[in-house]
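**Student:** Sending over a structure as structure tokens; questions will come in a sec.
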Amino acid sequence: MTELWHRFFALHRARVGLVLVALLGGLAILAPVLASYDPSVQLDLANRQLLPPSIAHPFGTDFFSRDMVARVLHGARISLSVALLSVALSVTVGAALGLISGALGGVLDTILMRLVDAALAVPRVFLLLLVLALWHDVGLVGLIMVIGLTSWFDVARIVRAEVMSLKAREFIVATRALGFGMPRVAFRHLLPNVAAPIIVTATLGIGQIVLLEAGLSYLGIGVQPPTPSWGTMIADGQALLTRAWWIATFPGIAIVLTVIGFSLVGDGLRDAIDPQTR
Amino acid sequence: MGTSLTRLLAARAAQGVVIVFVVATLTFVLVQVAPGNPFTVAAESGRVAPEVIEQQRRNFGLDRPIHEQYLRYLANLIRGDFGYSFTQHRPVREAFVERVPNTLLLAAAGLVIMFPLGVLIGVFQGSRPGSRSDDTLSVATLVVYSTPVFWLGLMLLLVFGQTLHWFPIAGPRDPVVYQQLTWLGRVVDRLRHLVLPAVTLGLVGAAVTARYQRAAMLDVIRREFVRTARAKGLEERAVIVRHALRNALLPTITLFGLAFPLLLSGAVLVESVFAWPGLGRLAVNAIHSRDYAVVTGAAIVTATMVVLGNLLADVLYRLVDPRTRPA
Amino acid sequence: MTALLRVRRLRTTFASDAGTVRAVDDVSFDLAPGETLAIVGESGCGKTVTALSILRLLDDSAHIADEATVEYDGVNLLALSSRELRRIRGAEIAMIFQEPTTSLNPVLSVGTQVTETLRAHRSIGRRAARQRAVELLNLVGIVDAEHRIRAYPHELSGGLQQRVMIAIALACDPKILIADEPTTALDVTVQAQILELLAELKHRLGMAMILISHDLGVVAGLADRIAVMYGGQIVEEAPTSLLFSQPSHPYTDALLQAVPRLDRPAHRLTAIPGVVPRASDWPAGCRFHPRCALAWERCGSELPTLAEESAARRVRCWLLEEPQRRSP
């Protein structure tokens with residue numbers, strides 16, 4: 001395990017990614033402290049509407065004279081929380097279903113795998129459109145659940161593949177013959193093999209979900225106002241693009257940096273685990 | 001190639017049909033499980049008379065037992081009947097016929113940009129790993145790959161559309177002048193309107209493809225048959241192209257299959273940025289007005305497109321890699 | 001007689017996380033026209049890297065020392081431009097590798113891979129190239145060559161694949177064939193067939209061969225001379241019969257002891273104690289001394305030079321100077 005950390009830290013890109021992620025995480029957690037203003041307060045509709053970036057307002061103000069720095073910082077909290085919680089949910093569900101499916105096999109496995117194939121055939125956004133159309137007004141928690149429950153397929157496949165390969169290996173038959181029960185087998189043999197790829201998938205997944213949530217919020221079906229989300233800010237900024245470019249630009253940059261950070265960390269982990277590919 | 005290949009492909013096509021069938025079933029189940037019914041909004045709005053609603057319910061067979069509804073639903077789907085859109089006041093199928101080609105055009109244009117560009121960059125990087133240009137390109141692809149596609153579209157729109165005025169900023173064609181244009185003028189107009197949205201999709205797609213292709217090249221170039229090719233005294237160009245590249249393109253063909261869902265998802269967002277009248281925008285608008293038929297239909301249609309795309313990729317792969325052909 | 005190939009002071013190093021890997025450390029030998037030289041040793045001794053260094057087929061991470069020379073027909077291959085080197089590769093000096101399955105391009109037909117070599121070095125038309133390819137496949141003992149020429153590598157057995165590799169190598173009548181463990185990846189019966197084929201080709205075509213192997217048994221029938229490598233260096237070089245009947249270096253002796261022989265009374269096969277040291281960390285003095293039963297203090301501090309024991313043999317061992325220490 002420590003050797004893995006060493007290999008990880010040796011990679012320059014991984015260090016950069018880690019710094020980015022830590023920075024963003026820190027900013028998100030400390031948002032209320034760091035922001036000079038409250039993100040939802042309309043400061044001064046008469047005078048402080050749509051101000052370009054300045055010392056007082058480094059990211060400018062929006063149509064409702066809200067400070068953009070505060071909004072972007074608080075948006076970080078929302079986007080990161082949604083992403084982290086969704087990924088946690090998807091990993092849990094995926095691992096559980098993959099384990100069951102792989103271990104029990106048979107009809108259950110076939111049905112589940114066909115379901116996964118079908119769900120993967122529908123493009124992500126359309127799938128979410130479908131679910132969110134049917135369950136509207138879900139709130140933040142609901143959104144996390146919806147995203148989490150539609151993102152578990154990769155993890156499930158990984159776990160299932162590992163379980164099936166384990167089932168086939170002779171030493172498992174031997175341990176079963178010796179009377180070891182399934183849970184012990186699962187822990188000592190399944191977990192180590194499966195942990196690494198799951199962590200990589202999860203890390204990269206966080207970045208993907210930040211993008212997904214931003215897209216949904218942009219379309220108006222993700223995070224709902226007044227909760228600040230980078231996606232909704234960009235949507236707000238679209239109508240005012242020529243007059244006030246900063247409203248759409250800074251949240252976008254924030255997204256790019258966040259996804260870069262998680263991608264670098266995820267790639268770094270993948271290279272640390274499997275050093276062959278450079 | 002022969003009959004065994006066609007049999008294999010027929011089997012794959014059959015699997016595809018099963019998948020579409022499962023998708024249709026899934027959507028049916030979801031609609032049943034979801035709270036409310038397709039008519040809640042219409043009823044609540046008060047704009048539709050109760051007798052009409054009751055009539056529609058009977059038309060949709062909503063008063064029949066579930067399994068009858070299900071079979072009816074499937075039968076309709078096979079006939080291409082996706083139901084009625086009460087926001088569009090016409091059958092969903094009509095709306096699709098009008099909108100889907102626009103989305104396909106956008107996705108195809110995105111595909112045309114993303115693959116050649118992505119492959120070129122990936123091959124270039126893969127044949128000189130660790131070099132300055134490789135590192136620079138890696139950073140570039142990472143940044144683009146991490147950019148939300150709708151934001152990229154907005155930025156491109158801001159710079160090239162609204163600031164530089166090089167390209168139009170919305171729609172598939174000029175709303176005013178189009179009618180008066182000649183045939184050639186119309187093509188040019190359409191192309192001009194296609195550029196920004198297609199480039200948006202294409203750039204992100206190219207970043208994904210380039211990363212994939214670079215990894216494939218690195219993997220192949222290390223392989224022993226590349227060393228054999230060099231030992232034969234072949235020119236470096238022949239080594240790279242005929243030996244390394246041909247093998248490195250194989251995984252890219254599988255990427256071709258994965259590209260469809262990505263492009264279609266991206267299209268939804270890009271259509272919203274550029275007011276492109278496609279299936280994505282239709283579905284998004286339908287959500288806000290709870291027009292279920294449109295949204296479920298869209299899921300099924302896009303799933304079908306993805307399945308077809310995968311089938312195509314499968315055929316291509318088998319054509320190119322002799323190892324996958326049955327003996 | 002002028003040597004066809006003269007390798008002098010070959011030193012190939014790799015940069016790695018563990019430090020500089022001195023894979024080949026001062027190797028020199030000659031190869032006469034039509035002669036078969038075998039380079040033998042355990043894995044990690046540097047024999048493959050030596051072969052790859054001759055044709056400069058190593059990765060960019062490898063570095064061949066400036067003072068090294070590889071003279072082919074009077075020309076230093078290490079100093080040639082890429083273009084000039086390409087003309088030698090495949091045409092004058094050809095090489096075949098250990099794993100025929102991965103050494104052949106999976107998406108090209110076997111025939112294409114043969115004609116490719118021909119058309120790269122000779123101005124020869126498609127038809128004529130194809131004709132010659134069929135002839136070559138026949139030469140290496142592939143039956144039904146006319147049809148096999150269109151086959152893909154994965155459709156052929158390991159033995160056939162290796163024959164194809166040999167055909168590719170022989171396409172332009174090379175003067176030297178370098179064979180890196182040509183039979184290691186094959187079944188035992190197929191091994192014998194390939195070795196027979198190589199022997200036959202050697203006679204028929206009169207080409208020189210450098211045969212690399214970890215198996216003394218494999219080279220016994222083919223080689224005129226054998227160079228034993230250990231620790232990136234040649235430790236003994238002698239004509240085959242002499243080496244087998246009177247090994248001089250303790251390592252050679254140990255290797256022979258480890259080979260089961262039918263002509264001797266059965267005895268326990270003695271494994272050589274210890275392990276092969278890492279190429280980034282050669283021991284001081286004689287590299288074999290930690291595992292040598294006859295070693296003494298000098299062996300641990302001074303690296304012996306490769307000295308001429310007689311007109312035919314060179315040995316790298318201090319026993320040469322103190323032969324009395326041989327007898328226990």
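**Student:** Report the Stokes-Einstein translational diffusion coefficient (µm² s⁻¹, integer) for region B:253-327, Rh taken as the Kirkwood radius over Cα pairs, at 37 °C with viscosity 0.692 mPa s.
**Tutor:** 236
**Student:** Next question, about the same structure. Between the alpha-carbon centers of region C:302-319 and region A:246-277, tell me the distance in whole angstrom.
**Tutor:** 60
**Student:** For chain A, take the longest principal axis of its alpha carbons; what is the angle in degrees between that and the long axis of helix A:12-29, to the nearest 10 within 0 to 90?
**Tutor:** Helix A:12-29 sits at roughly 60 degrees to that axis.
**Student:** Over all pairs of distinct alpha carbons, what does the Kirkwood formula give as the hydrodynamic radius of chain B, in Å?
**Tutor:** Result for chain B stands at 22.9 Å.
**Student:** Kindly provide the chymotrypsin sites (Phe, Trp or Tyr not before Pro) of region B:93-172 that DSSP labels as loop, not H, G, I, E or B, and whose Cβ sees at most 13 other Cβ atoms within 10 Å.
**Tutor:** Loop-located and lightly packed - B:Trp166.
**Student:** Continuing with the same structure: Nearest 5 is fine: what % of DSSP beta bridges in chain C come out antiparallel, could you say?
**Tutor:** Taking every DSSP beta bridge within chain C, about 60 percent pair in antiparallel fashion.
**Student:** Using only the Cα atoms of region B:169-237, what are the Rg and Dmax in Å?
**Tutor:** Final numbers for Rg and Dmax: 22.4, 65 Å.
**Student:** Write down, largest first, the equivalent ellipsoid semi-axes of the protein assembly as shown in whole Å, where each equals the square root of 5 times an eigenvalue of the alpha-carbon gyration tensor.
**Tutor:** After scaling each eigenvalue by five and taking roots: 65, 32, 29 Å.
**Student:** In µm²/s, what is D for region A:75-147 at 10 °C and 1.306 mPa s, where D = kT/(6 pi eta Rh) by Stokes-Einstein and Rh is the Kirkwood radius from Cα pairs?
**Tutor:** Stokes-Einstein gives a translational diffusion coefficient of 114 µm²/s.
**Student:** Starting from the amide H of A:Phe59, placed 1.01 Å from N in the peptide plane, find each other amide H under 5 Å away whose residue is 5 or more places distant or on another chain.
**Tutor:** HN-HN under 5 Å from A:Phe59: A:Ser54, A:Met68, A:Val69.
**Student:** Report, in deg cm²/dmol and to the nearest 500, the calculated mean residue ellipticity at 222 nm for chain A, where each DSSP H run with n ≥ 4 adds -39500 (n - 2.57) and the sum is divided by the residue count.
**Tutor:** For chain A, the value works out to -24000 deg cm²/dmol.
**Student:** A further question on this structure: Taking a spot 7 Å from the Cα of A:Phe64 along the direction of its beta carbon, which residues of region A:216-241 have an amide N less than 12 Å from it?
**Tutor:** Within reach of a label on A:Phe64, which here means backbone N under 12 Å from a point 7 Å along Cα→Cβ, region A:216-241 contributes A:224-229, A:233, A:236.
**Student:** Oh, and also: Å³ per residue of the Cα convex hull, for chain C?
**Tutor:** Given the Cα convex hull of chain C, per-residue volume reads 152 Å³.
**Student:** Please report the spacing between the Cα centers of region A:128-145 and region C:163-188 in Å, no decimals.
**Tutor:** 65
**Student:** Mind checking which of C:Glu196, C:Glu309, C:Glu67 has the largest fluctuation in a GNM of chain C, springs on alpha carbons under 10 Å?
**Tutor:** Among C:Glu196, C:Glu309, C:Glu67, the largest GNM mean-square fluctuation belongs to C:Glu67.
**Student:** Given N residues in region C:185-302, what is Rg(Cα) / (2.2 N^0.38 Å)?
**Tutor:** With N residues counted in region C:185-302, Rg over 2.2 N^0.38 Å equals 1.22.
**Student:** As a footprinting exposure proxy, order C:Ser157, B:Ser272, B:Ser138 by other Cβ within 10 Å, with the fewest listed first.
**Tutor:** Fewest-to-most ranking of C:Ser157, B:Ser272, B:Ser138: C:Ser157, B:Ser138, B:Ser272.
**Student:** From the P(r) of region A:19-161, could you give the percentage of C-alpha pairs in the tail past 27 Å?
**Tutor:** The answer is 44 percent, as a whole percent.
**Student:** Using only the Cα atoms of region B:128-248, what are the Rg and Dmax in Å?
**Tutor:** When restricted to the Cα atoms of region B:128-248, Rg and Dmax are 21.0, 65 Å.
**Student:** Between B:Glu236 and A:Ala161, what is the FRET efficiency for a Förster distance of 30 Å, r being their Cβ-Cβ separation, to the nearest 0.05?
**Tutor:** Efficiency computed from Cβ-Cβ geometry: 0.15.
**Student:** Run through all the Cα pairs of region B:105-192 and give the fraction in each 10 Å bin from 0, expressed as whole percent.
**Tutor:** Bins of 10 Å from zero give 14, 31, 31, 16, 6, 1 percent of pairs.
**Student:** Also: Using alpha carbons only, how many angstrom separate the centre of region B:82-126 from the centre of region C:30-91?
**Tutor:** If we compute the Cα centre of each part, the gap is 55 Å.
**Student:** Among C:Thr69, B:Thr182, C:Thr50, which comes first, second and so on when ranked by fewest other beta-carbon atoms within 10 Å?
**Tutor:** Starting with the residue having the fewest Cβ neighbours, the order is B:Thr182, C:Thr69, C:Thr50.
**Student:** I would also like to ask the following. Compute the distance in nm between two label points, each set 7 Å from the Cα along the Cα-to-Cβ direction, one at A:Ala10 and one at C:Thr101.
**Tutor:** 3.0
**Student:** Tell me the label-point distance for the pair C:Gln257, B:Thr254, using the 7 Å Cα-to-Cβ offset, in nm and rounded to one decimal.
**Tutor:** Inter-label distance under the simple model: 5.1 nm.
**Student:** Please work out the ratio of the alpha-carbon Rg of chain A to 2.2 N^0.38 Å and round it to two decimals.
**Tutor:** 1.19
**Student:** May I pose another question? Can you tell me how much longer the chain between A:Ala196 and A:Thr242 gets when fully stretched, taken as 0.36 nm per residue apart minus their C-alpha distance, in nm with one decimal?
**Tutor:** Here the answer is 11.9 nm.
**Student:** Also, I was wondering about something else. Spelling out what I want: for every residue of region C:300-313, take phi, set θ = phi - 60°, compute 6.51 cos²θ - 1.76 cosθ + 1.60 (Karplus), and round to whole Hz; glycine and proline get x.
**Tutor:** Working through the residues one at a time gives x, 10, 10, 7, x, 8, 7, 10, 7, 7, 8, 4, 9, 10 Hz.
**Student:** Work out the FRET efficiency for C:Arg278 and A:Asp274 from their Cβ-Cβ distance, taking R0 = 25 Å, and round it to the nearest 0.05.
**Tutor:** 0.65
**Student:** Mind telling me which of B:Pro251, B:Pro172, B:Pro35 comes out most flexible in a GNM of chain B, alpha-carbon contacts under 10 Å?
**Tutor:** Between B:Pro251, B:Pro172, B:Pro35, it is B:Pro35 that shows the largest mean-square fluctuation.
**Student:** Between B:Ala170 and B:Leu184, what length comes free when the chain is fully extended (0.36 nm per residue of separation minus the Cα-Cα distance, one decimal in nm)?
**Tutor:** Fully extending the segment from B:Ala170 to B:Leu184 adds 3.0 nm.
**Student:** While we're looking at this one, here's another question. When DSSP beta bridges are limited to those with both residues in the protein assembly as shown, what percentage is antiparallel, rounded to the nearest 5?
**Tutor:** Among the beta bridges of the protein assembly as shown, antiparallel pairing accounts for roughly 65 percent.
**Student:** Using a 10 Å cut-off around each Cβ, can you sort B:Phe260, B:Phe21 from fewest to most neighbouring Cβ atoms?
**Tutor:** B:Phe21, B:Phe260
**Student:** Evaluate the Kirkwood expression for the hydrodynamic radius of region C:1-94, namely the inverse of the mean inverse distance over all pairs of different C-alpha atoms, and round to one decimal in Å.
**Tutor:** 13.9
**Student:** Another question about this same structure. Along the Cα→Cβ direction, 7 angstrom out, place labels at B:Leu308 and B:Ala275. What is the inter-label distance in nm?
**Tutor:** Distance between the two pseudo-spin positions: 2.9 nm.
**Student:** Output the Kirkwood hydrodynamic radius of region C:137-206, Cα pairs only, in Å rounded to one decimal.
**Tutor:** That comes to 12.6 Å for region C:137-206.
**Student:** Next question, about the same structure. Return the long-range amide H neighbours of A:Ser65 (sequence gap of 5 or more, or a different chain), with a cut-off of under 5 Å between placed amide H atoms.
**Tutor:** Here the answer is A:Leu50, since their amide H atoms fall under 5 Å of that of A:Ser65.
**Student:** Same structure, new question: What's log10 of I(q)/I(0) for region C:31-154 at q = 0.09, 0.16, 0.17, 0.21 Å⁻¹, Debye sum over Cα points only, no solvent?
**Tutor:** Ignoring solvent entirely, the Cα scatterers give -0.34, -1.01, -1.10, -1.33.
**Student:** Quick one: Karplus J couplings for region C:273-279, per residue in order, coefficients 6.51, -1.76, 1.60, θ = phi - 60°, nearest Hz, x for Gly and Pro?
**Tutor:** x, x, 10, 5, x, 6, 5
**Student:** Let me ask something additional. Under 12 Å from a point placed 7 Å out from the Cα of C:Ser123 along the Cα-to-Cβ direction: which residues of region C:72-110 have their backbone N that close?
**Tutor:** It comes to no residues whatsoever.
**Student:** Under 5 Å between amide hydrogens, which residues at least 5 positions from C:Val235 or on another chain qualify, with H placed 1.01 Å from N in the peptide plane?
**Tutor:** Placed amide hydrogens put C:Val228, C:Met229, C:Tyr230 under 5 Å from C:Val235.
**Student:** Something else now. At most 10 other Cβ atoms within 10 Å and a DSSP loop assignment: could you name the trypsin sites (Lys or Arg not before Pro) in region C:104-153 that fit?
**Tutor:** none
**Student:** Which residue fluctuates the most in chain C, going by a Gaussian network model with Cα springs under 10 Å, if the choices are C:Val259, C:Val276, C:Val110?
**Tutor:** So, out of C:Val259, C:Val276, C:Val110, the one fluctuating most is C:Val259.
**Student:** Still on this structure: Calculate the tail of P(r) for region A:100-142: the fraction of all Cα-Cα distances greater than 11 Å, expressed in %.
**Tutor:** In whole percent, the share of Cα-Cα pairs in region A:100-142 beyond 11 Å is 71.
**Student:** I've got another one for you. For A:Leu84 and A:Val33, what is the calculated FRET efficiency with R₀ set at 22 Å and r taken between the beta-carbons, to the nearest 0.05?
**Tutor:** 0.60
Read the figures in this text as sums done on the coordinates, not as results from a lab. Treat the numbers as computed from the prediction; the structure is a model and nothing was measured. With ideal geometry, Cβ positions are generated from the backbone for all residues, glycine too; neighbour counts draw on all protein chains shown.
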